[in-house]
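Inspection log for the structure reproduced underneath, given as structure tokens.
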Amino acid sequence: MSDVKDAIDARYSRHCRLPELGRSGQERLLSSRILIVGCGALGAAIASLAARAGVGSLRIVDRDFVDLSNLQRQALFDEDDVAERLPKAEAAKRKLARINSSIALDAIVADAGPDNIEEFIRDVDLVLDGTDNAETRYVINDACLKRGIPWIYGGVVGVRGLVMSIMPAAGPCFRCLYPEPPAPGNMPTCDTLGVLATVPSLVAALQTTEALKILTGATPAPGVLSVDPWQMQFQAIDLKRRDDCPACVRREYAFLDQGGTSRALRLCGRDMVQISPPEPTHIDLEALQRTLAAVGRVSNNGYLLDFMADDCELVVFRDGRVLVKGISDLSVARALYARYLGA
């Protein structure tokens, strides 16, 4: 027992001195389990902060691999990860293991959606949003409300960000803030406005602070916090539960119940389309490499397969997802998917 006490004193002494946390708070963090959905600019920063803070178990789910354009704002990654074309979840796990070897790390290379989100959240105390699209956030909201798990929304576009802690049965949910998904083209994205490199780090720090509060029994901030560090403007927005909210009031989980269909979506900030199979699957990358070698250039690093032919590039993951690069038209992406993968 004294060895554990000494280890806490050595690594987390600054936390233990805080009246807001203390030793008991740090011990609660060490026994906590969190899920980070998405390991881009927000998720990578959250993961680093949570690992350094001593959250005992981190599960990271991300569908993408590290790209050179990520390094402008995704501080956990470096050029070696780009050269190896590592999946972000795996690259993050490797870095975090060197930051804090005493915590449990689980990296899952997958697209979180209605078919798998309940499995990912089954044993965690808290979910943190590091995603880049509204669709996944509605699914997270449904799943967390259904299971009674708190989650923390974070959004960034341009020079602005939003943070909201969502406590099931104790306040408004994501659909109280955004009742329905925005129509395509109606909301600015990082494709259209870009992202100031510092904003995701700020939003991630606020999300992680809220997480530490919830995990140690403190009360999270109510409502929504809007931040604009370019103008040095911070605004707390009061948000009440909607009397007619289909999710947190009527307990209708429409986004969680829509599984079983293939999905195609454009990835934020990338000229790329992701296509997901209708059911969970497993791709034999080695066998696929042998098949595709006859019609184009193909490489395989054990995590993903990269195929180039006819001026297109397809990145195939073991779970059956395919990223079609250099394409923004969903129908064209689906056609290339069908041509080379026969689906």
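Within segment 321-337, can you find the residues that are hydroxyl-bearing (Ser, Thr, Tyr) and closer than 15 Å to ALA309 by Cα?
TYR337
Would you tally the residues in segment 91-125 being part of a strand (DSSP E or B), farther than 20 Å from MET272 by Cβ and either more than 13 Å from the chain's Cα centre (by Cα) or modelled with pLDDT under 95 (or both)?
3
Would you mention how many residues in segment 309-338 are within 19 Å of THR291 (Cα to Cα) and of a type in the set (D, E, K, R)?
6
Suppose we filter segment 250-269 for residues that are surrounded by fewer than 16 Cβ atoms within 10 Å (Cβ to Cβ) and at pLDDT 95 or above; how many remain?
Counting residues in segment 250-269 that are surrounded by fewer than 16 Cβ atoms within 10 Å (Cβ to Cβ) and at pLDDT 95 or above gives 3.
Taking the condition of being without any contact (Cβ under 8 Å) to a residue 24 or more places away in the chain and in contact with a Phe, Trp or Tyr (Cβ under 9 Å, 6 or more places away or on another chain), how many residues in segment 311-325 meet it?
Total meeting the criteria: 1.
Just one of (1) crowded, with 20+ Cβ neighbours inside 10 Å; (2) under 30 Å from PRO19 (Cα atoms) trips up PHE174, so point out which.
(2)
Only one of GLY223, GLY217 is out of contact with any helix residue (DSSP H, G or I) (no Cβ under 9 Å at 6 or more places or on another chain), closer than 30 Å to ARG28 by Cβ and in contact (Cβ under 8 Å) with a residue 24 or more places away in the chain; which?
GLY223
Considering segment 145-185 alone, what residues qualify as being of a type in the set (D, E, K, R) and either touching a residue at least 60 places away in the same chain (Cβ under 8 Å) or part of a loop (DSSP other than H, G, I, E, B) (or both)?
Correct list: LYS146, ARG160, ARG175, GLU180.
Taking segment 72-81 as the search range and keeping residues that are under 23 Å from ARG266 (Cα atoms) and modelled with pLDDT under 95, which one is farthest from the chain's Cα centre (by Cα)?
It comes out as GLN72.
Would you be able to say whether some residue in segment 205-224 is modelled with pLDDT under 95, buried (at least 16 other Cβ atoms within 10 Å of the Cβ) and among the polar types (S, T, N, Q)?
no
The values are calculated or read from the model by the stated rules, or taken from the named source; none is laboratory data. Since the model is a prediction, treat every value here as computed from it, not as a measurement. Note that we place each Cβ from the backbone using ideal geometry, even for glycine, and neighbour counts take in every protein chain shown.
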